[in-house]
Amino acid sequence: MPANPYQSIETGTPGRIGWRIHYFDEVGSTQKVAAELAEAGAAHGTVVIAERQSAGRGRMGRAWHSPPGLNLYQTIILRPTTPLAEVPRLSLVAGVAAAEALETVAPGLVALKWPNDLWLKGRKTGGIIAEAVTDPGRGLRCVLLGIGVNVNLTAEQIPDDLRGKATSVRIATGRPCDRIALEAALCNRLDSRYMEVQDHGFAAVRPAWEAYSALTGKRVTVIDASGRIAGTVRGLDAEGALMLEAESGPARILTGEVTVEGAYD
């Protein structure tokens, strides 16, 4: 494998997502490496990719299964001009871009589970985390956008506790996937969608997110710091919140862990 197999898809234009791709055999986490690069002044659109993460993590601090040479583990440095409060929406924007990229290799199989899971054929194949980096005055310095996708993982390589819940592009389609081509598609779609949102707000990508939604019309249970609520998902509002029709009436969900009734039966 070349020293940096992703160098061939760098755009070379500072400020575009994927203009520079830093590649590593193994790191603790791409989030940590990207944070160090961002602190040193790395430009918007800089990407960190690793073959393996020894301390990879997903949403809510969960460990991320990271076998080497099979999947995509990356963090993208973003320097948005939006307020700090809008950072969580960037994971939704990235979800749309990732879904569109996956559509090129797994057409008709892709869905999004709010707030940041990528699904293929009803199983999780990836996740997204948008981590804000602020200055002492709580001003937004940058966003570290972590994206992990199971690409060429085989069914036998999925941990026992995740079988029936997790999948990969290879499992879902029955064939190996070119990771470099998938990464090129992801950078291209994310660059385009990110610019749309910077110019026109979240409303620009909301219809695309809704089209990929795995939850709309489904019965779900949401658990957050304030407790548990169950109901039927009606979609997203203009700010990316999950709209739920609960027994007590409409509910607007800003954060939480969502379980779909019967999802893995």
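We did not get these values from a lab; they are worked out from the coordinates using the rules stated. Since the model is a prediction, treat every value here as computed from it, not as a measurement. Methodologically, a virtual Cβ is constructed for each residue, glycine included, from the backbone with ideal geometry; neighbour enumeration extends over all protein chains shown.
Which one of Pro67, Ala230, Ala85 has its Cα pushed farthest toward the positive end of the charge dipole of the chain, where Lys and Arg give +1 and Asp and Glu give -1 at the Cβ? Towards the positive end, the residue furthest out is Ala230.
Out of the chymotrypsin sites (Phe, Trp or Tyr not before Pro) in the stretch 169-265, which ones are loop residues according to DSSP with at most 16 other C-beta atoms within 10 Å?
Values: sites: Tyr194, Phe202, Trp209, Tyr212, Tyr264; in loops: Tyr264.
Taking the stretch 169-265 and a limit of 16 other Cβ atoms within 10 Å, the loop chymotrypsin sites (Phe, Trp or Tyr not before Pro) found are Tyr264.
Each residue of the stretch 171-188 was assigned a 3J(HN,Hα) from its phi angle through the Karplus curve 6.51 cos²θ - 1.76 cosθ + 1.60 (θ = phi - 60°); the sequence is 5, 5, 9, x, 8, x, 10, 6, 5, 5, 5, 5, 5, 4, 5, 5, 4, 5 Hz, with glycine and proline shown as x.
Sorting Thr82, Thr75 by the number of Cβ atoms found within 10 Å of their own Cβ, with the fewest placed first, yields Thr82, Thr75.
Using C-alpha positions alone, give me the convex hull volume of the stretch 89-226 per residue in cubic angstrom.
Working: hull volume 20.9 nm³, N = 138.
Hull volume normalised by residue count: 151 Å³.
Close amide H pairs (under 5 Å, H built 1.01 Å from N) link Leu215 with Trp114, residues at least 5 positions away or on another chain. Scalar couplings 3J(HN,Hα) for the stretch 205-221, obtained by applying the Karplus form with A = 6.51, B = -1.76, C = 1.60 to θ = phi - 60°, are 10, 4, x, 5, 4, 4, 5, 8, 4, 8, 9, 4, x, 8, 7, 9, 10 Hz; x denotes Gly and Pro.
Report, in debye and to the nearest 20, how large the dipole of the stretch 7-212 comes out about its Cα centre when Lys and Arg carry +1 and Asp and Glu carry -1 on their Cβ. Intermediate results must be reported in sequence, preceding the final value.
Values: 23 positive and 21 negative charges, 92 e Å.
Roughly 440 debye, rounded to the nearest 20.
Computed over the chain, the Cα gyration tensor eigenvalues convert (square root of 5λ each) into semi-axes of 28, 23, 17 Å, ordered from largest to smallest. The HN-Hα couplings worked out from phi for the stretch 236-241 by the Karplus form 6.51 cos²θ - 1.76 cosθ + 1.60 (θ = phi - 60°) are 10, 8, 5, 9, x, 6 Hz, whole numbers, x standing for Gly and Pro. Over the residues of the chain, the helix contribution to mean residue ellipticity at 222 nm works out to -7000 deg cm²/dmol, using -39500 (n - 2.57) for each DSSP H run of at least 4.
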